[in-house]
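Reading through the structure tokens given below for one structure.
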Amino acid sequence: MSISKNPTVSVIMSVYKEPIEWLKASIESILNQTFKDFEFIIVLDEPNNHEAEKIILEYASKDPRIIFIKNNANIGLTESLNKALKIARGKYIARMDADDIALEHRLENQVNFLEKNPDIYLVGSAVYKMDEDGNIFGEMHPPYLNNFKDLEKIMICGRTIAFHPTWLFRRELIEKVGVYRLLLAQDFDFLLRVLDAGFKISNINEPLLKYRIGKLNISSRKAFEQYKSALYAIKLHKQRRLYGSDYYDEKEYLNYIKGSKVSKIFYNLSTRFFMKANNYKSQKKYILFILNLLVSLLISPLQAKRFFHLLYGKFILLKNSRQYNSINPCAE
């Protein structure tokens, strides 16, 4: 398999400490795409993860479409993705996570969608929910709306309008709105900037990715900072609406998401019950779902604020879109 000097798609992925079998399944799902004209930029963000490095290099030796970057130190997802974006040559940029699995026609469907819809600049898709053993147990559907104001309202409620690992977007967005910025909720901030710049976002209303829910257990350790980052992104969005630009300051941002130790402890504990509630609802165990949800909301007022914001966002969707497929308000 040869690689084009100007590939149509650049797939960017950051690897940290994902289980090797998950990583292999993720890489193979991209290499086996029906759409072949892509480069696959893989950034290893844990230089001491020698097993992952060995696996990636083995794939790279067999497929020249893989471009491997090894960070000298752990710099985080945001900077790792920005590294990949700097060298990406594709007309389109596709996101991929090292613990998810892309369906074989994902890139083909999304490229065709953007080719047929020149007014759309970023497209996501629905996803299959997959457990840690690779079993499918449901679906998640993003908002299926084209109304700019409604999408903005949903974002302000703290609800994403396109699942990050499913993104395919036009390269011009990087030139127009810039690269990733925030340490966490970097995708949320990016989407708000895209909307504020007047570019349209859409979704393909069918699953094109198997999204591994088990990884949420890892991110729960940073649930507090994750939500505070989303609130900070909304704050920046409001500044852009008022003044035409925002006043992002990294030091201010890091101080904002730090919060108090007590609030953080209770919010992270609350998030564990929130995730349990989500799992019980997926299993249709509604009594356990309600009990865990109530415990979660009582433990942390910040969690309660987040939940009711998400619930209001769901109300907007139900009110304005007949094509909407219910998003679980407990989903991250």
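The values are calculated or read from the model by the stated rules, or taken from the named source; none is laboratory data. Quick caveat: nothing in here was measured; it's all calculated off a predicted structure. All Cβ positions, even for glycine, are placed from backbone atoms using ideal geometry, and neighbour counts span all protein chains on display.
Below is a table of values for the structure above.
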| item | result |
| --- | --- |
| Residue satisfying all of: in the stretch 291-314; loosely packed, with under 14 Cβ neighbours inside 10 Å and more than 22 Å from the chain's Cα centre (by Cα); modelled with the lowest pLDDT among these | Pro301 |
| Every pair of residues 6+ apart whose Cβ atoms lie under 6 Å, when the first sits in the stretch 25-42 and is among the polar types (S, T, N, Q) while the second is assigned to a helix (DSSP H, G or I) and surrounded by fewer than 18 Cβ atoms within 10 Å (Cβ to Cβ) | Thr34/Glu108 |
| Residue match in the stretch 81-91 (condition: of a type in the set (S, T, N, Q), assigned to a helix (DSSP H, G or I) and in contact with a strand residue (DSSP E or B) (Cβ under 9 Å, 6 or more places away or on another chain)) | no |
| Failed criterion for Ser326 (all others in (1) modelled with pLDDT under 90; (2) surrounded by 13 or more Cβ atoms within 10 Å (Cβ to Cβ) hold) | (2) |
| Flag if Ile174 is over 27 Å from Ser282 (Cα atoms) and either in contact with a Leu (Cβ under 7 Å, 6 or more places away or on another chain) or surrounded by 15 or more Cβ atoms within 10 Å (Cβ to Cβ) (or both) | yes |
| Residue match in the stretch 268-286 (condition: of a type in the set (S, T, N, Q), at pLDDT 90 or above, assigned to a helix (DSSP H, G or I) and out of contact with any Pro (no Cβ under 9 Å at 6 or more places or on another chain)) | yes |
| Yes/no for Gly214 being over 21 Å from Tyr121 (Cβ atoms), at pLDDT below 90, under 21 Å from the mean Cα position of the chain (by Cα) and surrounded by fewer than 21 Cβ atoms within 10 Å (Cβ to Cβ) | yes |
| Condition check for Leu192: touching a His at 6+ places or on another chain (Cβ under 7 Å), over 28 Å from Gly134 (Cβ atoms) and either buried (at least 17 other Cβ atoms within 10 Å of the Cβ) or not assigned by TED's automatic domain parsing to the domain that holds Lys17 (or both) | yes |
| Matching residues in the stretch 251-270 - criterion: being of a type in the set (A, V, I, L, M) and surrounded by 13 or more Cβ atoms within 10 Å (Cβ to Cβ) | Leu254, Ile257, Ile265, Leu269 |
